[in-house]
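K.L.:
Have a look at this one before I ask anything.
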Amino acid sequence: MRRTWLTRHRCFIVTLALGATMLLDPRSALAQFSPGELSKAHHALEGSQNCVKCHDVGKEISGVKCFACHEEIKQLIDSRKGYHASVSSERCVTCHKEHLGLSAHITKFDKDNFEHAKTGFLLDGKHAAVSCDRCHNAKFIVNKEVIKSLDEHPRETYLGLETRCATCHDDVHKGKFQQDCAHCHTTATWGKVQNFDHDKARFPLEGKHAQVACAKCHPSMANRAPNGALDFRAQPFADCTPCHTSPHKAQLNAQRCASCHTAQNWSDAMSRPFDHTKTAYALKGRHAQTDCAKCHRLSEKRPFAQTFFLTFSRCTDCHADKHNGEFVKRYKNDCALCHTVEGYKPSTFTISRHDDSRFHLKGAHAAIICADCHVKYETAPVYHFASLRCETCHKDFHKGQFNDKMKESSCDACHTTERWQNARFDHSTTTFPLTGRHVNVACIDCHKEESAARKSLQYKKIPTDCQSCHKDIHRAQFATGGQTQCQTCHASAGWRQLAFDHETQSTFKLTGAHKNVQCQACHRQESADTTTFTRFKPMSGECVSCHVKGGGQ
């Protein structure tokens, strides 16, 4: 305790003196107060101008500046791994001493009393007797930051190892068990396996098999397992016969023993219920409720093997094909693609699987129940359609008005599956392109119901003259042959945007002061049949029709 106190106060006094001297001559001062030569690892920092790279003037070495070079240590501390993370509250100089000379070993700690548990790896069992250099060897280092640091500054280090057994030990199982060795082995002894759970293997140990020694089935094979270790690779135990001799006659020797026998007792086959899960076809769902004789038809003329070892591979081997062969070509009548043993209905065929068919379910079609399209015909619903056109399922609401278009494409020329009313029709392809104000007019304003009885909108043979939709507010003043050509004066952009030329379209040319007279001064309002209209024709061209004698207009 006294030595530490004196050391700290001496450092403080030396720092004060060094600071005062540096005011006069910094370079000579640092050289004068250097406590000794740096080690080989830090020798590149030799020189008074480099002192502040590790030291803080007037303070003890905190270790913060050490991390500027030793990034691998900082990474371990930040990730809370390894020995340095467990002693991060201590200063670096507690274990690492400098200025002891070029050949000095700067890491100072008692190897014999080192608490290895603080590294995150407890030395127990046989590990406790292993010398440090057996594990702390450059060939076992895997940490990339440590490897990088060693490439730049070659040295001995205790860093960079992993706790996995395979880091130091060869895998005698050659990757067969992709799990930690500790699942089966301990550090006390390798040969005695204590924790292996054979139930997780492909061959669970049941009945009398659980009492059999490992070496009975996993013999030592020098050419396959080094050092005489047991060979735990999967053995060809597809049936009992590799280990057991069959007492049956030749006709049953080729059958699986587990079809009738268990590992509990070979002789109890005839006194217990048969477990169908041990066959190639486990009974699930409604099959579990089916009487054995339904499938295994007993007969004196049929041998035992033929009765109980069936070769049924498809549902239709027992069940009738309710789809009348519709799914033979594409699905090979594999009923399990759409049905389960829990029940024939409901089908497991999904909308996403329907998209693999010729007809993708989009928009409103995705919300329709299957039976609305796949209706029953004679004995079974129809799933394959000769045509996928809309009219296969939908009525023609237009009563044949678009039969010519339907030959080229179906309803989707104008409609989408999202909603029937959202039609996308290009009116420019007709004899009446929509321009001006006509663009914003609702279709139904022009396309009325053909008749109350038919209840179908009329799209064909609709008159294109203005009077078929618009009332003639001029009371036929501009009619020729009973028809008024509104476009002579008006445009679809707006009713009041007149294109009338008084010079060419009337018998009264506007000259002189007449050019500045407003239209309503001459064309006045009149009433007839309870309606008011503007008089345009016929009108007198005489002056007195508008002007009063002697008084001007």
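The values are calculated or read from the model by the stated rules, or taken from the named source; none is laboratory data. Keep in mind it's a predicted model, so treat the numbers as computed, not measured. Please note: Cβ atoms are built from the backbone with ideal geometry, for glycine as well, and neighbour counts cover all protein chains shown.
K.L.:
PHE536 versus (1) touching a His at 6+ places or on another chain (Cβ under 8 Å); (2) free of Cβ contacts under 8 Å to residues at least 60 places away in the same chain: which is the lone unmet condition?
P.N.:
Tallying (1) touching a His at 6+ places or on another chain (Cβ under 8 Å); (2) free of Cβ contacts under 8 Å to residues at least 60 places away in the same chain, PHE536 fails exactly one: (2).
K.L.:
Might you check whether a residue that is among the hydroxyl-bearing types (Ser, Thr, Tyr), in contact with a Cys (Cβ under 7 Å, 6 or more places away or on another chain) and over 28 Å from ASP321 (Cβ atoms) occurs anywhere in the range 417-425?
P.N.:
For the range 417-425, residues among the hydroxyl-bearing types (Ser, Thr, Tyr), in contact with a Cys (Cβ under 7 Å, 6 or more places away or on another chain) and over 28 Å from ASP321 (Cβ atoms): absent.
K.L.:
Got at least one residue in the range 173-182 being within 39 Å of the chain's Cα centre (by Cα), assigned to a helix (DSSP H, G or I), over 30 Å from GLU37 (Cα atoms) and not assigned by TED's automatic domain parsing to the domain that holds LYS81?
P.N.:
Initially, the range 173-182 is screened for residues within 39 Å of the chain's Cα centre (by Cα), giving 173-182.
Cutting the leftovers down to assigned to a helix (DSSP H, G or I) gives us 181-182.
Adding the requirement that they be over 30 Å from GLU37 (Cα atoms) leaves 181-182.
Imposing the further condition that a residue be not assigned by TED's automatic domain parsing to the domain that holds LYS81 reduces the set to 181-182.
Checking the range 173-182: at least one residue is within 39 Å of the chain's Cα centre (by Cα), assigned to a helix (DSSP H, G or I), over 30 Å from GLU37 (Cα atoms) and not assigned by TED's automatic domain parsing to the domain that holds LYS81.
K.L.:
Determine, yes or no, whether LYS53 is within 52 Å of the chain's Cα centre (by Cα) and at pLDDT 85 or above.
P.N.:
Values: within 52 Å of the chain's Cα centre (by Cα): yes; at pLDDT 85 or above: yes.
Answer is yes for this residue.
K.L.:
Here's another thing I want to ask about it. I'm told PHE349 meets every condition in (1) at pLDDT below 85; (2) touching a helix residue (DSSP H, G or I) at 6+ places or on another chain (Cβ under 8 Å) except one. Can you identify the failing condition by its number?
P.N.:
Failed condition: (1).
K.L.:
Just the residues that are touching a residue at least 24 places away in the same chain (Cβ under 8 Å), surrounded by 11 or more Cβ atoms within 10 Å (Cβ to Cβ) and under 20 Å from ASP412 (Cα atoms), please, taken from the range 328-362.
P.N.:
PHE359, LYS362
K.L.:
Sticking with this one: Looking at the range 357-412, which of its residues are at pLDDT 85 or above and either of a type in the set (Val, Ile, Thr) or in contact with a Gly (Cβ under 8 Å, 6 or more places away or on another chain) (or both)?
P.N.:
If the condition is that a residue be at pLDDT 85 or above and either of a type in the set (Val, Ile, Thr) or in contact with a Gly (Cβ under 8 Å, 6 or more places away or on another chain) (or both), then ILE368, ILE369, VAL375, VAL382 are the ones that fit.
K.L.:
For the range 185-218, give me each residue that is under 42 Å from the mean Cα position of the chain (by Cα) and outside any loop (DSSP other than H, G, I, E, B).
P.N.:
Listed by number, the residues that qualify are HIS198, ASP199, LYS200.
K.L.:
With respect to the numbered conditions (1) more than 24 Å from GLY36 (Cβ to Cβ); (2) at pLDDT 90 or above; (3) hydrophobic (A, V, I, L, M, F, W, C), which one is the sole condition not fulfilled by CYS132?
P.N.:
Just one mismatch for CYS132, condition (2).
K.L.:
Here are the criteria: (1) assigned to a loop (DSSP other than H, G, I, E, B); (2) modelled with pLDDT of 70 or more; (3) surrounded by 14 or more Cβ atoms within 10 Å (Cβ to Cβ). Tell me which single one GLN255 does not satisfy.
P.N.:
The number of the failed condition is (2).
Yes/no matrix, rows are residues, columns are (1) out of contact with any Pro (no Cβ under 6 Å at 6 or more places or on another chain); (2) within 26 Å of THR480 (Cα to Cα); (3) surrounded by 11 or more Cβ atoms within 10 Å (Cβ to Cβ):
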site	(1), (2), (3)
TRP495	yes, yes, yes
ALA499	yes, yes, no
HIS502	yes, yes, yes
LEU510	yes, yes, yes
HIS514	yes, no, yes
SER527	yes, yes, no
PHE533	yes, yes, yes
PRO538	yes, yes, no
VAL544	yes, no, no
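K.L.:
Restricting the range 56-102 to residues that are assigned to a helix (DSSP H, G or I) and more than 44 Å from the chain's Cα centre (by Cα), which is surrounded by the most Cβ atoms within 10 Å (Cβ to Cβ)? Steps first, please.
P.N.:
Start the filter on the range 56-102 by keeping residues that are assigned to a helix (DSSP H, G or I), which leaves 64-68, 71-78, 82-86, 92-94.
Then keep just the ones that are more than 44 Å from the chain's Cα centre (by Cα); that gives 64-66, 92-94.
Numbers: VAL64: 11, LYS65: 15, CYS66: 17, CYS92: 20, VAL93: 16, THR94: 11.
It comes out as CYS92.
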